[in-house]
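Undergrad: Before anything else, here's the structure in question.
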Amino acid sequence: MGFLGREQELQRLEAFYRSAGQSVALVYGRRRVGKSELIKQSQGKTASPFIYFECKQTTEQNNLGTLAALVSEVLGFPQLAFTSIEELLGFVFTQAKERSLVLVLDEYPYLRDAIPGIDSILQTIIDAHAATSRLKLILCGSFITVMKSLLEEENPLYGRVDLTINLHPMDYRDASLFYPSFSPEDRIRLFSVFGGIPYYNRLIDANRSVRQNIIDLIASPGARLETEIPMYLASQLKKIANANEVLESMARGAVHFNDILSQSHVSSSPALADTLSKLIGMELIVKQAPINDVDNKKKTRYLIDDNMALFYYRYIFRNSSQMAMMAPEAFFDRFIAKDFSEVHVPERFERICAQYLVRQNRAGTLAEPFDIIGRYWYDVPAEHRNGEFDIVTSGENGYVFYEVKFRSEPLSRAKVVEEIAQVKASGLDCRAFGFFSRSGFEDFDEPAIMKFTPKDLYA
């Protein structure tokens, strides 16, 4: 299987390589999201000599020796010797005066750990060669907080980064490129588990069912991805006990700050706030407020955004002892199958439909373009009721309401009319209505109502 997706990111890197003079790029994102593969694939977009170095979690001298050998090989010199990384980097920048070169320092945070002040060293070298060098320097890393700090005003590299790529997980559509032979419904099920991480999706076996892929890859002792989420937490956090507590309580349904605090064993509000902040920085959870009441803290929710993390904490983490004692198929049927079908996949289907709308909005194909998408909170005091709608968009012409149903029967006209009546009774004034249905629709013709099926999502 070749390299899939990431067309926009490749185009941005190609333009970066073509730019005149010296330039610096920052590429970062969570573990396994495909940063290194993206950069390696982009090598085909430039004819310049390409020096790709993966920094090691070791000493400066060890990194220096390995990088010096690589530079010597790529640039066609006999074995070069340097006394420091600073001297070596200065040499590479100087070599780029006569020709354009690309230098990639992957896992740059490891180099920062090995060499105190490396950010200042790089800043000095970048400034010294700004007018003469044609080097394209790429700093890449998985420690999101560390990489983002390079863009902050107090960092020596502030103002010197010309291109920033925060590589997020793929959306549902690009992720499906890894398993095109599955039906649209099964692609939805697969995405609800493996999400948009390329490494996970490459492991999916097209010759096995969704159920068997889940068992083989995560829901059995020693499965390839069984410890993937704990390993990611351990790589980013010094202590993961609070993260485990928070994620498990959220997987059980806690979404508000006080509910998470009471249902977990996190010691205090400050400790919970710190843990939530770190998990948001790791792109495992998101903080959401209604689009019509964004400043209302009481209505703000915290949700597990990463599909694999949600699946792991919903089914594997809390039942790990049972999984170790049971046959994998029996464990799946006992602890996963029913809730997965009736709760987990329908919840994730909502996210997929929201991603579809964003994708279509960017392409300019929606009749009602929007600039905001999210939950809408309504309150009808006279009738002592309130609630929220999960997918509402807001644009220049007002609101558009969307309802999502992942059910085995087609959506009937009566149900559509009922849903629209509920929206109108809430006081939400919508210009249009849209419905997503797993099993299609009963035969009814309502031109003003937008209708989508899984086939439409993957067309």
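Undergrad: Under 6 Å between Cβ atoms, which residue pairs at least 6 apart in sequence (or on different chains) link something in the range 149-163 that is closer than 13 Å to SER23 by Cβ with a partner that is hydroxyl-bearing (Ser, Thr, Tyr) and open to solvent by less than 60 Å² (accessible area, probe 1.4 Å)?
TA: Listed pairs, sorted by first residue: ASP162/SER23.
Undergrad: In addition: Listed residues ILE197, ILE214, ILE165; which is under 15 Å from VAL345 (Cβ atoms) and β-branched (Val, Ile, Thr)? Don't jump to the end; show me each part of the working.
TA: Working: ILE197 fails: under 15 Å from VAL345 (Cβ atoms); ILE165 fails: under 15 Å from VAL345 (Cβ atoms).
Result of the check over ILE197, ILE214, ILE165: ILE214.
Undergrad: Continuing with the same structure: Are any residues in the range 173-202 surrounded by 15 or more Cβ atoms within 10 Å (Cβ to Cβ) and either modelled with pLDDT under 95 or part of a loop (DSSP other than H, G, I, E, B) (or both), and if so, which ones?
TA: Scanning the range 173-202 gives TYR179, PHE182, GLY195, GLY196, ILE197.
Undergrad: Let me ask something additional. In the range 385-422, how many residues are surrounded by 13 or more Cβ atoms within 10 Å (Cβ to Cβ), of a type in the set (Ser, Thr, Tyr) and closer than 24 Å to PRO454 by Cβ?
TA: 3
Undergrad: Hey, any hits in the range 23-42 for a residue that's over 25 Å from ARG202 (Cβ atoms) and open to solvent by 20 Å² or more (accessible area, probe 1.4 Å)?
TA: no
Undergrad: Same structure, new question: How many residues are open to solvent by 50 Å² or more (accessible area, probe 1.4 Å) and either of a type in the set (S, T, N, Q) or within 24 Å of the chain's Cα centre (by Cα) (or both) if we restrict to the range 3-22?
TA: First, the residues of the range 3-22 that are open to solvent by 50 Å² or more (accessible area, probe 1.4 Å): 3, 7-8, 11-12, 14, 18, 20.
Subset that is either of a type in the set (S, T, N, Q) or within 24 Å of the chain's Cα centre (by Cα) (or both): 3, 7-8, 11-12, 14.
Matching residues across the range 3-22 total 6.
Undergrad: Which of the residues that make up the range 285-307 are under 17 Å from PRO169 (Cα atoms) and either assigned to a strand (DSSP E or B) or touching a Leu at 6+ places or on another chain (Cβ under 7 Å) (or both)?
TA: The first filter runs over the range 285-307 and keeps only residues under 17 Å from PRO169 (Cα atoms), leaving 285-286, 303-307.
Once the filter is applied, which keeps residues that are under 17 Å from PRO169 (Cα atoms) and either assigned to a strand (DSSP E or B) or touching a Leu at 6+ places or on another chain (Cβ under 7 Å) (or both), the range 285-307 yields ILE285, VAL286, LEU303, ILE304, ASP305, ASP306.
Undergrad: Could you look through the range 343-379, keep only residues that are more than 21 Å from ALA289 (Cβ to Cβ) and of a type in the set (Val, Ile, Thr), and pick out the one that is most open to solvent (accessible area, probe 1.4 Å)?
TA: THR365
Undergrad: Just give me the residues in the range 266-280 being within 19 Å of the chain's Cα centre (by Cα) and surrounded by 16 or more Cβ atoms within 10 Å (Cβ to Cβ), in sequence order.
TA: Residues of the range 266-280 that are within 19 Å of the chain's Cα centre (by Cα), as a first pass: 275-280.
Selection gives THR275, LEU276, LYS278, LEU279.
Undergrad: Among the residues in the range 329-342, are any more than 28 Å from the chain's Cα centre (by Cα), surrounded by 16 or more Cβ atoms within 10 Å (Cβ to Cβ) and farther than 30 Å from VAL210 by Cβ? Before the answer, list the steps.
TA: Going through the range 329-342, the residues more than 28 Å from the chain's Cα centre (by Cα) turn out to be 329-331, 333-334.
This time we only want the ones that are surrounded by 16 or more Cβ atoms within 10 Å (Cβ to Cβ), so: 331.
Then drop every residue that is not farther than 30 Å from VAL210 by Cβ, which leaves none.
No, because not a single residue in the range 329-342 is more than 28 Å from the chain's Cα centre (by Cα), surrounded by 16 or more Cβ atoms within 10 Å (Cβ to Cβ) and farther than 30 Å from VAL210 by Cβ.
Undergrad: Could you count how many residues in the range 287-328 are among the hydrophobic types (A, V, I, L, M, F, W, C) and open to solvent by less than 40 Å² (accessible area, probe 1.4 Å)? Walk me through it before giving the result.
TA: So the first thing to find is which residues in the range 287-328 are among the hydrophobic types (A, V, I, L, M, F, W, C), and the list is 289, 291, 294, 303-304, 308-311, 316-317, 323-327.
After this cut, where a residue has to be open to solvent by less than 40 Å² (accessible area, probe 1.4 Å) as well, the list is 289, 291, 303-304, 308-311, 316, 323.
Counting residues in the range 287-328 that are among the hydrophobic types (A, V, I, L, M, F, W, C) and open to solvent by less than 40 Å² (accessible area, probe 1.4 Å) gives 10.
Undergrad: Just checking, which of PRO156, PRO169, PRO230 is in a loop (DSSP other than H, G, I, E, B), surrounded by fewer than 18 Cβ atoms within 10 Å (Cβ to Cβ) and not aromatic (Phe, Trp, Tyr)? So that I can check it myself, show each step before the final result.
TA: Numbers: PRO169 fails: surrounded by fewer than 18 Cβ atoms within 10 Å (Cβ to Cβ); PRO230 fails: in a loop (DSSP other than H, G, I, E, B).
Of the residues listed, the single one that is in a loop (DSSP other than H, G, I, E, B), surrounded by fewer than 18 Cβ atoms within 10 Å (Cβ to Cβ) and not aromatic (Phe, Trp, Tyr) is PRO156.
Undergrad: Now a separate question. Please indicate, with yes or no, whether at least one residue in the range 177-197 is among the polar types (S, T, N, Q), within 30 Å of SER321 (Cβ to Cβ) and in contact (Cβ under 8 Å) with a residue 60 or more places away in the chain. Lay out the reasoning, then the answer.
TA: The initial filter retains those residues of the range 177-197 that are among the polar types (S, T, N, Q), namely 181, 183, 192.
Remaining after also requiring within 30 Å of SER321 (Cβ to Cβ): 192.
Checking which are in contact (Cβ under 8 Å) with a residue 60 or more places away in the chain leaves us with 192.
Yes, that holds for at least one residue.
Undergrad: Also, I was wondering about something else. If you scan the range 431-449, which residues turn out to be assigned to a strand (DSSP E or B), more than 18 Å from ALA414 (Cβ to Cβ) and either among the basic types (Lys, Arg) or open to solvent by 20 Å² or more (accessible area, probe 1.4 Å) (or both)?
TA: Here is the first cut: in the range 431-449, the residues assigned to a strand (DSSP E or B) are 431-437, 441, 449.
With more than 18 Å from ALA414 (Cβ to Cβ) added as a condition, the list becomes 431-432.
Residue satisfying the conditions is ARG431 alone.
Undergrad: Sticking with this one: If you check every pair at least six apart or on different chains, which have Cβ atoms under 9 Å apart with a residue in the range 247-258 that is within 16 Å of ASP305 (Cβ to Cβ) and in a helix (DSSP H, G or I) first and a residue that is among the acidic types (Asp, Glu) and at pLDDT 95 or above second?
TA: Note: pairs meeting the criteria are SER249/ASP259.
Undergrad: Okay, moving on. Please count how many residues of the range 203-222 are of a type in the set (A, V, I, L, M), out of contact with any Ser or Thr (no Cβ under 8 Å at 6 or more places or on another chain) and open to solvent by 10 Å² or more (accessible area, probe 1.4 Å).
TA: From the range 203-222, those of a type in the set (A, V, I, L, M) are 203-204, 206, 210, 214-215, 217-219; that's our starting set.
Then drop every residue that is not out of contact with any Ser or Thr (no Cβ under 8 Å at 6 or more places or on another chain), which leaves 203-204, 210, 214-215, 217-219.
Now drop any that are not open to solvent by 10 Å² or more (accessible area, probe 1.4 Å), which leaves 203-204, 210, 217.
Total meeting the criteria: 4.
Undergrad: To continue, here is another question. Residue pairs, Cβ under 7 Å, 6 or more apart or interchain, first in the range 409-436 and within 14 Å of GLY398 (Cβ to Cβ), second open to solvent by 50 Å² or more (accessible area, probe 1.4 Å). List them.
TA: Listed pairs, sorted by first residue: LEU428/TYR399; ASP429/TYR399; CYS430/TYR399; ARG431/ASN397; ARG431/TYR399; ALA432/ALA448.
Undergrad: In addition: Give all pairs with beta carbons closer than 6 Å in which a residue from the range 47-75 that is under 13 Å from PHE91 (Cα atoms) and open to solvent by less than 40 Å² (accessible area, probe 1.4 Å) meets a residue that is part of a loop (DSSP other than H, G, I, E, B) and not basic (Lys, Arg); count only pairs at least 6 apart in sequence or on separate chains.
TA: The qualifying pairs are ALA68/LEU80; ALA68/PHE82; SER72/GLN79; SER72/LEU80.
Undergrad: Next up: Any idea which of ALA382, ALA425 is open to solvent by less than 80 Å² (accessible area, probe 1.4 Å) and modelled with pLDDT under 95? Break it down into steps so the answer makes sense when it comes.
TA: Details: ALA382 fails: open to solvent by less than 80 Å² (accessible area, probe 1.4 Å).
It is ALA425.
The values are calculated or read from the model by the stated rules, or taken from the named source; none is laboratory data. These numbers were taken from a predicted model, which means no experiment stands behind them. Every residue, glycine as well, gets a Cβ built from its backbone with ideal geometry; the counts of neighbours run over all protein chains shown. Keep in mind that these areas ignore ligands, DNA and RNA; they rest on the heavy atoms of the full protein, side chains included. Shrake-Rupley method; radii C 1.70, N 1.55, O 1.52, S 1.80 Å.
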